[in-house]
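Report on the following structure.
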Amino acid sequence: MSKRLAATCIVSAGVLWGMIAVFVRALSAIGLEEMELVAIRSFGSLLFMSVAILIYNRKLFIIRIKDCWCFIGTGIFSLIFFNWCYFKTINYISLSVAAVLLYTAPAIVVVLSAILFKERLTAKKVTLMCISFIGCVFVVGVFSTKPIMNLTGILIGLGAGFGYALYSIFGRYALNRGYSSLTIIFYTFLFSTVGTLPFISLHRMREVVIGGEMFHNIVLMIGLALISTVFPYILYTVGLTKVGNGKASIMASIEPVVATIVGIAVFRESLSLTGIVGIILVIGAVIALNVQEI
């Protein structure tokens with residue numbers, strides 16, 4: 001795979017992640033809670049990945065016990081932890097500040113990758129990282145709101161960004177140990193599924209789903225698992241085979257831009273001037289990252 005194709009995979013992952021609100025809002029409207037949505041993402045994705053690997057290559061199920069910590073990292077410390085922190089943050093401070101704290105992830109990835117994987121921390125990388133983050137700040141509209149600053153909320157929000165960043169870190173460790181992107185994704189969802197079980201009621205979820213338009217609800221659940229989870233995680237992990245963690249994380253920050261566009265097109269949300277500036281900054285940083293190697 002060429003580096004250009006790998007970059008395309010990562011940007012595509014960001015686009016698909018940015019569309020998640022379509023499914024989350026619809027499923028939340030029928031009464032499903034946040035951790036239940038995390039469970040649906042994890043379990044639904046696990047089913048799809050199981051079938052894909054059974055058809056493609058069953059040997060991809062094989063892992064070394066001593067490497068389980070990599071997948072515990074991607075599944076529990078990243079996928080579950082960042083979701084829990086993000087939803088918790090929303091209860092303490094404004095949505096705009098919560099979103100910005102989540103997108104401290106690229107900066108965390110760049111720093112951790114420099115320390116753990118000896119990736120070069122160049123002036124260009126730092127500059128584009130800052131531009132991308134500033135763009136995220138504008139996109140979510142921090143400067144057009146009056147957020148309530150709460151220390152607890154801010155600290156938990158930073159935890160969300162840290163958890164979000166950990167997927168790139170643990171995913172890199174797994175790739176360096178020779179595991180396929182499909183294997184990494186499968187075990188990420190396996191561990192995240194198991195990790196959500198103590199926090200949900202399967203009986204309540206069943207009642208909510210079948211209590212309404214069951215077919216419609218199931219289609220939404222499949223969309224959440226497949227379109228906004230399986231596909232982007234595969235694309236992102238495949239992209240990591242040719243693109244450094246820091247660069248990949250910055251490129252994936254196109255996600256809030258797509259989320260903003262979805263909000264306008266689907267939910268008829270308004271876009272401020274600062275939002276337009278933010279979109280230009282994020283897209284500009286992504287383009288600059290692909291013009292020349294960092």
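The values are calculated or read from the model by the stated rules, or taken from the named source; none is laboratory data. It should be emphasised that the depicted structure is a prediction, and the values quoted were computed from it without experimental measurement. Virtual Cβ from ideal backbone geometry, glycine too; neighbours counted across all protein chains shown.
Look at residue 270 and say whether it is within 17 Å of the chain's Cα centre (by Cα), of a type in the set (Ser, Thr, Tyr) and either buried (at least 16 other Cβ atoms within 10 Å of the Cβ) or not in a helix (DSSP H, G or I) (or both).
For residue 270, the condition - within 17 Å of the chain's Cα centre (by Cα), of a type in the set (Ser, Thr, Tyr) and either buried (at least 16 other Cβ atoms within 10 Å of the Cβ) or not in a helix (DSSP H, G or I) (or both) - is not met.
Please indicate, with yes or no, whether at least one residue in the stretch 241-248 is surrounded by fewer than 18 Cβ atoms within 10 Å (Cβ to Cβ) and either basic (Lys, Arg) or not in a helix (DSSP H, G or I) (or both).
So far as the stretch 241-248 goes, yes, one or more of its residues are surrounded by fewer than 18 Cβ atoms within 10 Å (Cβ to Cβ) and either basic (Lys, Arg) or not in a helix (DSSP H, G or I) (or both).
Hey, among the residues in the stretch 172-195 that are in contact with an Asp or Glu (Cβ under 8 Å, 6 or more places away or on another chain) and under 21 Å from residue 231 (Cα atoms), which one's surrounded by the most Cβ atoms within 10 Å (Cβ to Cβ)?
174
Go through the stretch 112-229 and tell me which helices (runs of 4 or more DSSP H), entirely inside it, have 1 or more residues that are touching a Pro at 6+ places or on another chain (Cβ under 8 Å) and hydroxyl-bearing (Ser, Thr, Tyr).
Qualifying helices (runs of 4 or more DSSP H): 123-139.
State whether one or more residues within the stretch 40-54 are surrounded by fewer than 22 Cβ atoms within 10 Å (Cβ to Cβ), among the aliphatic types (A, V, I, L, M) and under 21 Å from residue 260 (Cα atoms).
There is no residue in the stretch 40-54 that is surrounded by fewer than 22 Cβ atoms within 10 Å (Cβ to Cβ), among the aliphatic types (A, V, I, L, M) and under 21 Å from residue 260 (Cα atoms).
Return the pairs, sorted by first residue and then second, in which the second residue is surrounded by fewer than 22 Cβ atoms within 10 Å (Cβ to Cβ), the first residue lies in the stretch 217-230 and is free of Cβ contacts under 8 Å to residues at least 12 places away in the same chain, the beta carbons are less than 9 Å apart, and the residues are 6+ apart or on different chains.
218/209
Scan the stretch 104-130 and report the pairs whose first residue is farther than 14 Å from residue 167 by Cα and whose second residue is in a helix (DSSP H, G or I) and polar (S, T, N, Q), with Cβ atoms within less than 8 Å and a gap of 6+ or a chain change.
The qualifying pairs are 117/245; 119/113; 119/245.
Say whether the condition of being within 26 Å of residue 269 (Cα to Cα), at pLDDT 85 or above and either in a helix (DSSP H, G or I) or within 20 Å of the chain's Cα centre (by Cα) (or both) is met by at least one residue in the stretch 68-81.
Scanning the stretch 68-81 turns up no residue that is within 26 Å of residue 269 (Cα to Cα), at pLDDT 85 or above and either in a helix (DSSP H, G or I) or within 20 Å of the chain's Cα centre (by Cα) (or both).
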